[in-house]
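S.K.: I have a structure here, written as structure tokens, and I will follow up with some questions on it.
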Amino acid sequence: MNPLPLQFIGLTMPKVLVSDPIDQVGLDILSQVAQVDVKTGLPAEELVKIIPEYDALMIRSGTRVTKEIIEAGTHLKIIGRAGVGVDNVDVPAATRQGIVVVNSPQGNTIAAAEHAIAMMLALSRHIPEANVSVKNGQWNRKQFIGVEVYKKTLGIVGLGKIGSHVAAAAKAMGMKLLAYDPFISQDRAEQLGCRLVDLDLLIRESDYISLHMPKTEETYHLINAEALAQMKPTARIINCARGGIVDEVALAEALKSDQIAGAAVDVYENEPLEENSPLRELGQKVILTPHLGASTEEAQVNVAIDVAEQIRDVLLGLPARSAVNIPGLYPDALEQLKPYLQLAETLGNLVSQLVGGRVDFLDIRLQGDLANRDSKPVVVAALKGLLSQALRERVNYVNATIEAKERGIRVIETRDASVCDYTGSLHLEAKGSLGTHSVTGALLGDREIRVTNIDDFPINVPPTRYMLFTLHRDMPGIIGKIGSLLGSFNVNIASMQVGRKIVRGEAVMVLSLDDPLPDGLLSEIMKVAGIRDAYTVTL
Ligand SMILES: NC(=O)c1ccc[n+]([C@@H]2O[C@H](COP(=O)([O-])OP(=O)(O)OC[C@H]3O[C@@H](n4cnc5c(N)ncnc54)[C@H](O)[C@@H]3O)[C@@H](O)[C@H]2O)c1
Ligand SMILES: O=C(O)[C@H](O)COP(=O)(O)O
């Protein structure tokens, strides 16, 4: 069932800016929940000016989403890349600002792989030039004698989704396959019919090299003058991955000097390709396409649906399925862990208020059944809760880890499956400039949160909006005194519980209040004989 459009439930429609051409099917999905403005080809300054109005931005590779644009996007919740590569988005800046960045990891895999194969065949058979010559009235059969790919060696650099599909297609054409990918196992390469080798060997032995890795610091100019010099003079290179992986000046030189036989390029260091690029002057040794890898009808429908659905979900407060900056937080896992995430967030918030000042250290212990679950989301939720006092709505699942790191909070995660007082419980201990406190919580009936321990005192209370915690001597009259004091300030007590380890020793009192504590009341409570400490908490 489609979520209910927001205008029907009385909320203001969020606004989505679509700044690159996106298939209509994606715009229709967004229109269910948002006002959609399509404004393509905007200069960066214009984007900075208008982005504060928007809750979401949907792009392809045409828009460079810089730090300036992200910082100006004070209402942005999500940036959706209708495609794979997010190298045109300053993802760290988005993460710092708590903006989810999503992509479509598989929507254009086939399109990009087929484009690489098409480029390899077009290059081998001089198809672009032969086409132009016939259209110009010529019939030059001799000039366009090509080469076969059958039994030739194809070296695939980056054996991920696209590289794997290229491998399958090339294998079907009778090619021998080499692959270089530092993150792929020998077994996986063998399954795909590839011999996994080091990059030098691949470069030296391949007749064709096809690049299919992301552009990163490691892959920038990976194919440089030195690498090109090692290639066979009959070899051809295809780049349908990312501009910048190949040094374009070195490539043009290698082609001009017949160091290699040809190149097919779809992606460039600067897009659109500069008018005076040396690659434009190399005749039939080079095929250039204007970043067309993903440009099929099918791929554009796939990526538009994939990303528009994620933007819609995030605007409706649901998780995104392909967030690139919330590692490990997948919707299925999140759905199962949801009650525990609420528990972790509540306990993080509670313990930070008990500590009162800066927190330097947080020990997160997953106990009982929880010890066997994926801890990452639980840790992120605890940090979100811990930081919520300081950062309010600025902290979310995207930036909680980075914000904690930047504040120098050391986080230790431990597991203890042997604790079995509840099916699963979570224990947080926070150390800070003003002291150390711990809280434990569990779920009742898999849903209801209970705080089961404060500073090692056993209790059993549901968290409520306003709470008062005291540490006191267990002695007659003290509870009555606190009750009357609250009453004299017109604060209504909803529930009260005492936890103690030994009779007439130390004890904690937890009061759920209907109203916030008025100014000055806490210091009055501290004056009551037997009260050692008192804390108010607002959840
Ligand atoms: N031309 C286009 O229009 C177009 C379309 C889609 C994708 N792409 C690009 O194609 C590339 C691959 O996309 P994908 O969906 O297959 O990604 P993927 O993540 O599935 O695969 C990338 C592979 O590269 C490998 N890799 C990482 N660093 C490497 C290195 N230093 N050397 C060798 N291999 C390395 C990874 O291990 C991974 O297996 C990306 O750069 C993407 O942006 C281009
Ligand atoms: O990374 C990608 O998905 C491709 O480069 C496609 O880019 P495009 O969406 O601008 O065609």
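S.K.: For residues in segment 245-287 being among the polar types (S, T, N, Q) and part of a loop (DSSP other than H, G, I, E, B), which is surrounded by the fewest Cβ atoms within 10 Å (Cβ to Cβ)?
M.R.: So the residue we want is N276.
S.K.: Also, I was wondering about something else. E248 is checked against (1) touching an Asp or Glu at 6+ places or on another chain (Cβ under 9 Å); (2) of a type outside the set (V, I, T); (3) within 16 Å of ligand 2 (Cβ to nearest atom) and fails just one. What number does that condition carry?
M.R.: (3)
S.K.: Restricted to segment 176-198, and to residues that are open to solvent by 30 Å² or more (accessible area, probe 1.4 Å) and near ligand 1 (Cβ under 10 Å from one of its atoms), which residue is nearest to the chain's Cα centre (by Cα)?
M.R.: Per the criteria, the residue is F183.
S.K.: Right, here's the next one. Looking at segment 243-263, I want the residues that are at pLDDT 95 or above and have a partner that is of a type in the set (V, I, T) with Cβ atoms under 6 Å, at least 6 apart or on another chain. Which pairs are those?
M.R.: Filtered contacts from segment 243-263: G243/V267; I245/T219; V246/I223; A254/I260; A261/T234; A263/I237; A263/V286.
S.K.: What about V102, is it among the aliphatic types (A, V, I, L, M), buried (at least 21 other Cβ atoms within 10 Å of the Cβ) and either without any contact (Cβ under 8 Å) to a residue 24 or more places away in the chain or away from ligand 2 (no atom under 12 Å from the Cβ) (or both)?
M.R.: Numbers: among the aliphatic types (A, V, I, L, M): yes; buried (at least 21 other Cβ atoms within 10 Å of the Cβ): yes; either without any contact (Cβ under 8 Å) to a residue 24 or more places away in the chain or away from ligand 2 (no atom under 12 Å from the Cβ) (or both): yes.
Taking the combined requirement at face value, the residue satisfies it.
S.K.: Here's something else I'd like to know. Assuming S388 fulfils every condition listed in (1) open to solvent by less than 20 Å² (accessible area, probe 1.4 Å); (2) at pLDDT below 95 apart from one, which condition is it?
M.R.: Condition not satisfied by S388: (1).
S.K.: Residues to consider are R64, R96, R81; find the one that is open to solvent by 30 Å² or more (accessible area, probe 1.4 Å), within 36 Å of the chain's Cα centre (by Cα) and within 16 Å of ligand 2 (Cβ to nearest atom).
M.R.: The match here is R64.
S.K.: Taking into account only those residues within segment 149-175 that are surrounded by 12 or more Cβ atoms within 10 Å (Cβ to Cβ) and of a type in the set (D, E, K, R), which is nearest to Q106 (Cα to Cα)? Even if it seems obvious, please write down each step before you answer.
M.R.: Looking only at segment 149-175, we keep the residues that are surrounded by 12 or more Cβ atoms within 10 Å (Cβ to Cβ), and these are 149, 152-171, 173, 175.
Now drop any that are not of a type in the set (D, E, K, R), which leaves 152, 161, 171.
Values: K152: 28, K161: 8, K171: 21 Å.
So the residue we want is K161.
S.K.: Another one. List, please: which pairs have Cβ atoms under 7 Å, are six or more places apart or on different chains, and start with a residue in segment 26-55 that is without any contact (Cβ under 8 Å) to a residue 24 or more places away in the chain and end with one that is of a type outside the set (G, A, S) and part of a helix (DSSP H, G or I)?
M.R.: As it stands, the answer is V36/L27; V36/L30; V38/L27, since those pairs meet every condition given.
S.K.: Now for a different question. Does segment 358-369 contain at least one residue that is more than 27 Å from A93 (Cβ to Cβ), part of a loop (DSSP other than H, G, I, E, B) and open to solvent by 10 Å² or more (accessible area, probe 1.4 Å)?
M.R.: Within segment 358-369 (the criterion being more than 27 Å from A93 (Cβ to Cβ), part of a loop (DSSP other than H, G, I, E, B) and open to solvent by 10 Å² or more (accessible area, probe 1.4 Å)), the answer is no, since none of the residues qualifies.
S.K.: Let me ask another. May I ask you to say which residue of S206, S133, S185, S164 is of a type in the set (S, T, N, Q) and touching a Gly at 6+ places or on another chain (Cβ under 6 Å)?
M.R.: Only one candidate qualifies: S206.
S.K.: Return the residues of segment 48-65 that are touching a Ser or Thr at 6+ places or on another chain (Cβ under 7 Å) and farther than 17 Å from M13 by Cβ; say none if nothing qualifies.
M.R.: Listed by number, the residues that qualify are I59, T63.
S.K.: Another one. Any idea which of (1) in a helix (DSSP H, G or I); (2) under 30 Å from E129 (Cβ atoms) is the one P290 doesn't satisfy?
M.R.: (1)
S.K.: For segment 400-508, list the strands (runs of 3 or more DSSP E) that sit wholly inside it and hold at least 2 residues that are open to solvent by less than 20 Å² (accessible area, probe 1.4 Å) and not charged (D, E, K, R); which are they?
M.R.: The qualifying strands (runs of 3 or more DSSP E) are 424-432, 435-444, 448-454, 457-461, 466-473.
S.K.: Continuing with this model, one more query. List every residue pair whose Cβ atoms sit under 6 Å apart, with the two residues 6 or more apart in sequence or on different chains, where the first one lies in segment 436-461 and is in contact (Cβ under 8 Å) with a residue 60 or more places away in the chain and the second, anywhere, is of a type in the set (D, E, K, R) and part of a strand (DSSP E or B).
M.R.: Here the result reads S438/E429; A442/R450, each pair linking segment 436-461 to a residue that is of a type in the set (D, E, K, R) and part of a strand (DSSP E or B).
S.K.: If you go through segment 149-175 one residue at a time, how many are away from ligand 1 (no atom under 16 Å from the Cβ) and in contact with a strand residue (DSSP E or B) (Cβ under 8 Å, 6 or more places away or on another chain)?
M.R.: The total comes to 6.
S.K.: Looking at (1) within 36 Å of the chain's Cα centre (by Cα); (2) in contact (Cβ under 8 Å) with a residue 40 or more places away in the chain; (3) open to solvent by 20 Å² or more (accessible area, probe 1.4 Å), which is the one condition that is false for D90?
M.R.: The single condition D90 does not satisfy is (2).
S.K.: Further question on the same structure: Being over 23 Å from R365 (Cβ atoms), polar (S, T, N, Q) and in contact with a strand residue (DSSP E or B) (Cβ under 6 Å, 6 or more places away or on another chain) is true for just one of T440, T470. Which residue is that?
M.R.: Details: T440 fails: over 23 Å from R365 (Cβ atoms).
Among T440, T470, only T470 is over 23 Å from R365 (Cβ atoms), polar (S, T, N, Q) and in contact with a strand residue (DSSP E or B) (Cβ under 6 Å, 6 or more places away or on another chain).
S.K.: Moving on to the next point. What is the one condition in (1) without any contact (Cβ under 8 Å) to a residue 24 or more places away in the chain; (2) in contact with a strand residue (DSSP E or B) (Cβ under 9 Å, 6 or more places away or on another chain); (3) more than 16 Å from ligand 2 (Cβ to nearest atom) that N325 does not satisfy?
M.R.: Going through the list (1) without any contact (Cβ under 8 Å) to a residue 24 or more places away in the chain; (2) in contact with a strand residue (DSSP E or B) (Cβ under 9 Å, 6 or more places away or on another chain); (3) more than 16 Å from ligand 2 (Cβ to nearest atom), N325 breaks only (1).
S.K.: Something else about it: Here are some residues: V301, V314. Which one is within 16 Å of ligand 2 (Cβ to nearest atom) and open to solvent by 20 Å² or more (accessible area, probe 1.4 Å)?
M.R.: That would be V301, the only listed residue that is within 16 Å of ligand 2 (Cβ to nearest atom) and open to solvent by 20 Å² or more (accessible area, probe 1.4 Å).
S.K.: Taking helices (runs of 4 or more DSSP H) that do not extend beyond segment 69-148, which have at least 3 residues that are of a type outside the set (A, V, I, L, M, F, W, C), more than 26 Å from R407 (Cα to Cα) and within 15 Å of ligand 1 (Cβ to nearest atom)?
M.R.: 109-125
S.K.: Of everything in segment 288-298 that's of a type in the set (S, T, N, Q) and open to solvent by 30 Å² or more (accessible area, probe 1.4 Å), which residue is nearest to ligand 1 (Cβ to nearest atom)?
M.R.: S295
S.K.: Run down L76, L57, L47 and say which single residue is crowded, with 21+ Cβ neighbours inside 10 Å, of a type in the set (A, V, I, L, M) and touching a Gly at 6+ places or on another chain (Cβ under 8 Å). Walk me through it before giving the result.
M.R.: Values: L76 fails: touching a Gly at 6+ places or on another chain (Cβ under 8 Å); L47 fails: touching a Gly at 6+ places or on another chain (Cβ under 8 Å).
Among L76, L57, L47, only L57 is crowded, with 21+ Cβ neighbours inside 10 Å, of a type in the set (A, V, I, L, M) and touching a Gly at 6+ places or on another chain (Cβ under 8 Å).
S.K.: Output the qualifying pairs, or none if there are none: Cβ atoms under 8 angstrom, residues six or more apart or on different chains, first residue in segment 200-214 and open to solvent by 10 Å² or more (accessible area, probe 1.4 Å), second residue part of a helix (DSSP H, G or I) and away from ligand 1 (no atom under 14 Å from the Cβ).
M.R.: Filtered contacts from segment 200-214: D200/Q230; R204/Q230.
The values are calculated or read from the model by the stated rules, or taken from the named source; none is laboratory data. Since we're looking at a predicted model, the values are computed, not measured. All Cβ positions, glycine included, derive from the backbone under ideal geometry; neighbour counts span all protein chains shown. Note: accessible area is taken over every heavy atom of the protein model, side chains too, but ligands, DNA and RNA are not part of it. Shrake-Rupley method; radii C 1.70, N 1.55, O 1.52, S 1.80 Å.
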